[in-house]
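Any read-out appearing in this document is the output of simple, stated calculations on the displayed coordinates, not a laboratory observation. What you see is a predicted model, and the numbers here were worked out from it, not measured in a lab. So basically every Cβ, Gly included, is an ideal-geometry build from the backbone, and we count neighbours across all protein chains shown.
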Amino acid sequence: MKSRYTLAKKVFLDSTDIDDYIEIPSSVAAYETLVESIEKPLKMILLFGRPGTGKSILLNRLYQKLKHQKEIYYFETPAAGEKEFFFRLFKILTGKEVPKNKEVNFSALVNFCKELRGKREIVFLLDEAQIYTPEVMEKIRLLSDTRALKFVVSLHKTEDEDLIAKEHFQSRIWEVIELSNASDDEQITYIHKKLLKKNLFEIANSIKPKEMRLIHKLTKGNYRECNKMLFTIFDICEYYDLNEPAKISYDRVSRKIVEMAGLKLGYLHV
Ligand SMILES: Nc1ncnc2c1ncn2[C@@H]1O[C@H](COP(=O)(O)OP(=O)(O)OP(=O)(O)O)[C@@H](O)[C@H]1O
Ligand SMILES: [Mg+2]
């Protein structure tokens, strides 16, 4: 048996695929700033925000949009270690593999990049950069000093640590772009656009402003939490639709269902 909620549920699976990208004003603004920053000389660009604020999907979009115009590379997750990271960089820059049992000679690599200045401009998008060690970050900075390489560094912002405060990112070479959780209105736009993209108009209309506000309160506007919440809400709706349809209304997702989802995800406690 199929339920109308089955597809709605799937809409909210986590995805950083650009086909799933939604134009939310703050994300669009961050995207435009990113594109401008990449055009500016001499910059390291820091994209930061709490987990689940849309950094990866934004980097992905940037990569997909620019890959035909620019020499650009997307490092989704950091390489296993410093050695592997520089192997990968070396291969991209020189087109050659590092010979077996050899390591990349860093100062030779810097000199190589100095030679590239004015001839090539290569952009690297480094996601999850909190995993890189300070030593690797320092080398990345030295490479960017050659002006042949430019880095967009994406980092988690955690509760207890404000990265901006870190000395490392305060120097003038850094341009900082921050992503935040969605406001009330932005979250509504996000939820509606996601559902409308799959032509789920009725379902989009069935979440009324009051319930939207509750969802925002419980998820604090975090996109990943919002996905989990909506997935769970439609999962519950699907269950009723298939087993006890008399207990739900297709016109309105009830507060009770939102609360049940909140309980299930641990946002609410009995
Ligand atoms: N503009 C957007 N359009 C569509 N989906 C989005 C958007 N922003 C965030 N999301 C959704 O939120 C989820 C979290 O986004 P993403 O993985 O990009 O966050 P992140 O900031 O990289 O998190 P982390 O720091 O944990 O890596 C994505 O799976 C995606 O479904
Ligand atoms: Mg990410």
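A few remarks follow.
- Over the C-alpha atoms of region 25-178, the Rg to Rh ratio, Rh being the Kirkwood estimate, stands at 0.95.
- Charged side chains reduced to their Cβ positions (Lys and Arg at +1, Asp and Glu at -1) give the chain a dipole of some 500 debye around its Cα centre.
- Grouping the Cα pair distances of region 37-107 into 5 Å bins from zero gives a pair-distance distribution of 3, 12, 18, 20, 21, 14, 8, 4, 0 percent in increasing distance order.
- Within the chain, helix-based [θ] at 222 nm, where runs of 4 or more DSSP H residues each add -39,500 (n - 2.57), nearest 500: -15000 deg cm²/dmol
- Sites counted here are GluC sites (Glu not before Pro) in a DSSP loop (not H, G, I, E or B) having no more than 13 other Cβ atoms within 10 Å; the longest part of the chain that contains none of them is 160-270.
- A viscosity of 0.890 mPa s and a temperature of 25 °C, combined with the Kirkwood radius over Cα pairs in Stokes-Einstein, give a translational diffusion coefficient for the chain of 118 µm²/s.
- Relative exposure of Thr158, Thr33, judged by other C-beta atoms within 10 Å (fewest first): Thr158, Thr33
- Rounded if a/c under 1.5, otherwise prolate or oblate - region 84-136, Cα gyration tensor axes: oblate
- Interatomic Cα distance distribution for region 1-69, bins of 5 angstrom, percent: 3, 13, 22, 22, 15, 9, 6, 4, 3, 1, 1, 0
- Of Asp127, Asp19, the sequence from fewest to most neighbouring Cβ atoms within 10 angstrom is Asp19, Asp127.
- Only beta bridges with both residues in the chain are counted; by DSSP, about 5 percent of them are antiparallel.
- Sorted by Cβ neighbour density within 10 Å, fewest at the top, the residues Val98, Val35, Val11: Val35, Val98, Val11
- In the chain, Cα pairs under 8 Å separated by at least six residues give a relative contact order of 29 percent.
- Compactness index (Cα Rg / 2.2 N^0.38 Å), region 199-270: 1.05
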